[in-house]
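Asker: There's a structure below that I have some questions on.
The values are calculated or read from the model by the stated rules, or taken from the named source; none is laboratory data. The model shown is predicted, which means the values in this text are computed figures rather than measured ones. Note that each Cβ is placed from the backbone with ideal geometry, even for glycine, and that neighbours are counted across all protein chains shown. Heavy atoms of the whole protein, side chains included, go into the accessibility calculation; ligands, DNA and RNA do not. Shrake-Rupley method; radii C 1.70, N 1.55, O 1.52, S 1.80 Å.
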Amino acid sequence: WAYVAPRRPEPPSVRAEQWVRTPIDRFVLARLEREGLQPSAEASKEALLRRVSLDLVGLPPTPAELDAFLADSSADAYDRVVERLLASPHYGERWARPWLDLARYADSNGYEKDRLRVMWPYRDWVIKALNGDMPFDRFTIEQIAGDMLPDPTPDQLVATGFHRNTMLNQEGGIDIEEARWET
């Protein structure tokens with residue numbers, strides 16, 4: 001499957017044409033119709049703002065943000081909210097969490113002697129990369145081999161902190177660097 005070129009599928013035909021706003025809606029509606037289901041009623045502006053805020057920045061909207069959105073009757077009000085949330089520093093903080101979990105990020109070594117370590121520069125690098133809309137290939141390369149790039153920047157060196165996210169067992173007098181290499 002990895003060598004099969006992607007192709008754009010033809011959007012399916014549907015009975016409830018008036019419900020369709022985008023080509024993706026056709027795929028959703030076709031499945032609903034096939035299952036004998038009806039689309040849910042359109043969400044209120046309050047619910048839309050709450051959902052998009054929680055999804056993009058992990059925080060509910062403030063009362064002032066809600067009031068501003070409810071007062072905005074322009075056709076692009078929702079689009080502007082999405083752009084504002086994507087530009088928020090909280091966007092990177094919210095979306096760094098799943099990556100940092102996968103990368104085994106922790107501020108301590110784990111195990112019985114759970115000593116603290118200085119890993120926050122790597123965490124901050126991930127947040128900055130997400131907020132800066134860094135392309136995924138560059139995001140990956142800099143974490144795996146940032147120190148091997150020509151004239152690596154301090155940020156690229158910090159990105160390789162990815163390799164230091166492993167737990168470190170310091171019981172029994174280990175050689176710390178040897179344990180890192182083994183891990």
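Asker: So if I restrict to the alpha-carbon atoms in the range 1-87, what is the Rg, and what is Dmax, the biggest pairwise distance, in Å?
Answerer: For the range 1-87, the Cα radius of gyration and maximum Cα-Cα distance read 17.0, 50 Å.
Asker: Here's a follow-up. Return one quarter of the surface area of the convex hull spanned by the alpha-carbon atoms of the range 1-153, equal to its mean projected area, in nm².
Answerer: Reported value for the Cα convex hull: 15.9 nm².
Asker: Connecting C-alpha atoms closer than 10 Å in a GNM of the chain, tell me which of TRP95, TRP19, TRP125 has the biggest fluctuation.
Answerer: Greatest mean-square fluctuation among the candidates belongs to TRP19.
Asker: Modelled label-to-label distance, GLU35 and GLU10, 7 Å Cα→beta-carbon offset: nm?
Answerer: Each label point lies 7 Å from its Cα, and together they span 2.5 nm.
Asker: Hey, how many Å between the Cα centroid of the range 110-156 and the Cα centroid of the range 15-45?
Answerer: Taking the Cα centre of each part, the range 110-156 and the range 15-45 sit 42 Å apart.
Asker: Where the accessible area of the chain is counted over protein heavy atoms with a 1.4 Å probe, how much of it, in %, is carbon and sulfur?
Answerer: Heavy-atom surface of the chain belonging to carbon and sulfur, 1.4 Å probe: 58 percent.
Asker: Using a Gaussian network model of the chain with C-alpha springs under 10 Å, which one of ALA129, ALA159, ALA75 is most mobile by mean-square fluctuation?
Answerer: Highest fluctuation of the listed residues: ALA75.
Asker: Starting from the Cα-Cα distance between THR140 and HIS90, subtract it from 0.36 nm times their residue separation and give me the gain in nm to one decimal.
Answerer: Computed gain between THR140 and HIS90 is 15.8 nm.
Asker: May I ask for the equivalent-ellipsoid semi-axes of the range 73-183, computed as the square root of five times each C-alpha gyration tensor eigenvalue and listed largest first in whole Å?
Answerer: Value: 34, 17, 9 Å, ordered largest first.
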